[in-house]
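A.B. asks: A single structure is presented below for examination.
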Amino acid sequence: MTPPGHRRLILTRHAKSDWNNPAVPDHDRPLNARGRRSARALGDWLTSRGYDPEEVLCSPARRTQETWEQAATAVFETRPELRMEPALYQACADTMLQVLRTARASTVMMLGHNPGIAEFAAMLPARVPLDPDFRRYPTAATLVVDFQADDWASVEPGQASLRDFVRLDGRE
């Protein structure tokens, strides 16, 4: 839980998807084995740091849904509300900000796609992580930022405080 007057965003790119069948439409592409492992590791990482989302805003693409389903196998303090947001599928940074501004809970997780999610992540904090892969935002990358705001509608780019950044793309 975040204190009153604060908002926390957990911004996650979907885990590694399966490209073995080129006939599968982009929207329907599932995770591969490495992606499923990374997504479960993401859930464990979030839980270990007390980053329990209260609301999840998720692109309806199969790979983002599966990333959440695998991450949710971790034991969160409370089960978050899941909202499928069609606008997040291949969204640009501005669209992602518009969707975030509709969030209701204090701690929100958003799952999306590149290149929009990398652009969105880079515009949020006043200071970006020093990680050399941050701007690339690889699969299963997750940024955690805090805003001093009473509601999501009032958040602006550049106002977030960096809490954490992790890459869990299964290559460790």
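The values are calculated or read from the model by the stated rules, or taken from the named source; none is laboratory data. All of these numbers come straight from a predicted model, not from anything done at the bench. All Cβ positions, even for glycine, are placed from backbone atoms using ideal geometry, and neighbour counts span all protein chains on display.
A.B. asks: Look at segment 76-92 and say how many of its residues are in a helix (DSSP H, G or I) and within 13 Å of the chain's Cα centre (by Cα).
C.D. replies: Of the residues in that region, 1 qualify.
A.B. asks: Within the bounds of segment 140-148, is there any residue that is small (Gly, Ala, Ser) and at pLDDT 95 or above?
C.D. replies: Yes, segment 140-148 has at least one match.
A.B. asks: In segment 87-110, how many are free of Cβ contacts under 8 Å to residues at least 24 places away in the same chain, surrounded by fewer than 17 Cβ atoms within 10 Å (Cβ to Cβ) and closer than 12 Å to Ser59 by Cβ?
C.D. replies: Total meeting the criteria: 1.
A.B. asks: I'd like the residue in segment 70-125 that is at pLDDT 95 or above and among the basic types (Lys, Arg) and, out of all such residues, is nearest to Ser154 (Cα to Cα).
C.D. replies: Within segment 70-125, the match that is nearest to Ser154 (Cα to Cα) is Arg101.
A.B. asks: OK, next. So in segment 115-154, with the set limited to residues that are hydroxyl-bearing (Ser, Thr, Tyr) and at negative phi, which one is surrounded by the most Cβ atoms within 10 Å (Cβ to Cβ)?
C.D. replies: The selected residue is Thr139.
A.B. asks: Regarding Leu97, is this residue hydrophobic (A, V, I, L, M, F, W, C) and within 12 Å of Leu11 (Cβ to Cβ)?
C.D. replies: In short, yes.
A.B. asks: Before we move on, is Asp169 touching a helix residue (DSSP H, G or I) at 6+ places or on another chain (Cβ under 9 Å) and modelled with pLDDT under 95?
C.D. replies: Considered against the rule, which asks whether it is touching a helix residue (DSSP H, G or I) at 6+ places or on another chain (Cβ under 9 Å) and modelled with pLDDT under 95, Asp169 comes out as yes.
A.B. asks: Right, another one. Suppose we filter segment 55-75 for residues that are part of a loop (DSSP other than H, G, I, E, B) and either surrounded by fewer than 19 Cβ atoms within 10 Å (Cβ to Cβ) or out of contact with any His (no Cβ under 8 Å at 6 or more places or on another chain) (or both); how many remain?
C.D. replies: Residues that pass the stated criteria total 5.
A.B. asks: If you don't mind, another one. Against the conditions (1) in a loop (DSSP other than H, G, I, E, B); (2) touching a Leu at 6+ places or on another chain (Cβ under 8 Å), where does Asp169 fall short? Just the number, please.
C.D. replies: Every listed condition holds for Asp169 apart from (2).
A.B. asks: Only residues in segment 132-153 that are under 21 Å from Ala118 (Cβ atoms) and touching a residue at least 12 places away in the same chain (Cβ under 8 Å) count as the first member; pair them with residues that are crowded, with 22+ Cβ neighbours inside 10 Å and of a type in the set (Asp, Glu), Cβ under 8 angstrom, at least 6 apart or cross-chain, and list the lot.
C.D. replies: Correct list of pairs: empty, since none qualify.
A.B. asks: Looking only at segment 1-17, filter to residues that are modelled with pLDDT of 95 or more and in a loop (DSSP other than H, G, I, E, B); which one of those is farthest from the chain's Cα centre (by Cα)?
C.D. replies: For segment 1-17, the residue satisfying everything is Lys16.
A.B. asks: Looking at segment 36-54, is at least one residue assigned to a loop (DSSP other than H, G, I, E, B) and among the basic types (Lys, Arg)?
C.D. replies: Within segment 36-54, one or more residues are assigned to a loop (DSSP other than H, G, I, E, B) and among the basic types (Lys, Arg).
A.B. asks: Under 9 Å between Cβ atoms, which residue pairs at least 6 apart in sequence (or on different chains) link something in segment 155-169 that is over 24 Å from Gly43 (Cβ atoms) with a partner that is small (Gly, Ala, Ser) and at pLDDT 95 or above?
C.D. replies: Final answer for the pair search is Val155/Ala149; Glu156/Ala149; Pro157/Ala93; Gln159/Ala149.
A.B. asks: Only residues that are buried (at least 22 other Cβ atoms within 10 Å of the Cβ) and without any contact (Cβ under 8 Å) to a residue 40 or more places away in the chain: list them for segment 1-42, please.
C.D. replies: Across segment 1-42, the qualifying residue is only Leu31.
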